[in-house]
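Just so you know, all these numbers are worked out from the coordinates, no wet-lab data involved. None of the values given here were measured: they were computed from a predicted structure. Every residue, glycine among them, receives a Cβ derived from its backbone with ideal geometry; neighbour counts consider all protein chains shown.
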């Protein structure tokens with residue numbers, strides 16, 4: 001039976017106000033662009049979706065490299081590395097396999113950044 005990893009749901013303050021409220025400074029833009037760039041590939045976006053929607057809060061690479069993707073195992077590994085280096089996921093080696101889990105703080109920052117302003121009443 002697989003052990004369930006329970007991550008604390010800490011309140012994360014966004015790195016910066018939504019872009020509709022204030023301009024980003026250069027350092028903020030560089031950090032956030034790296035994360036958005038990682039999401040700009042359909043395979044990486046699907047991998048992130050699989051990882052974040054895993055029932056136990058994490059997923060084994062052995063469950064990712066199945067027939068769901070039309071790319072090779074090494075290509076999946078490359079995409080996972082890009083997501084890891086962007087700070088969107090984290091991986092932990094357990095024996096032969098690596099288990100991946102999302103980095104909720106960074107995903108929350110991206111979501112907060114894109115919050116649209118409330119529509120003006122007419």
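Below, the figures for the structure above:
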| quantity | calculated |
| --- | --- |
| Cβ-derived FRET efficiency at R0 30 Å, residue 53 paired with residue 97, nearest 0.05 | 0.95 |
| Cα-based shape type of region 26-113, given that a ≥ b ≥ c are square roots of the gyration tensor eigenvalues and the cut on a/c is 1.5 | prolate |
| Residues residue 29 and residue 71, FRET efficiency given R0 of 35 Å [Cβ-Cβ distance, rounded to 0.05] | 0.70 |
